[in-house]
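First up is the structure itself, then whatever we jot down about it.
The values are calculated or read from the model by the stated rules, or taken from the named source; none is laboratory data. Owing to the predicted nature of the structure, the values given are computational and were not obtained by experimental measurement. Here Cβ is always computed from backbone atoms with ideal geometry, including for glycine, and neighbour counts include all displayed protein chains.
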Amino acid sequence: MPAAPRPAAPAERDLELAADQAIQACGGEAREAVKALIVANGFLEAEIEELRTKVSTGYARGRLSPTRQRKDETDV
């Protein structure tokens, strides 16, 4: 039986374009672009966790793993 096809990764050209656009949006400052992307990622992670709590286990059919604690939260 052949292996299931893997989702196609974005083309290298697309990644380069996205990186250039992020840097340009931050006035050409790569460090600022990285910081902005980290903040955006944090918002997306929070949204995922919020949605995860709203989806019933029956609807998800057990596909959702229990909420994981972030490493920095466990070091307190």
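Summary table below
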| read-out | value |
| --- | --- |
| Within region 17-76, tally of residues that are modelled with pLDDT under 95 and not in a helix (DSSP H, G or I) | 14 |
| Region 25-39, subset of a type outside the set (A, V, I, L, M) and loosely packed, with under 11 Cβ neighbours inside 10 Å, residue nearest to the chain's Cα centre (by Cα) | Arg31 |
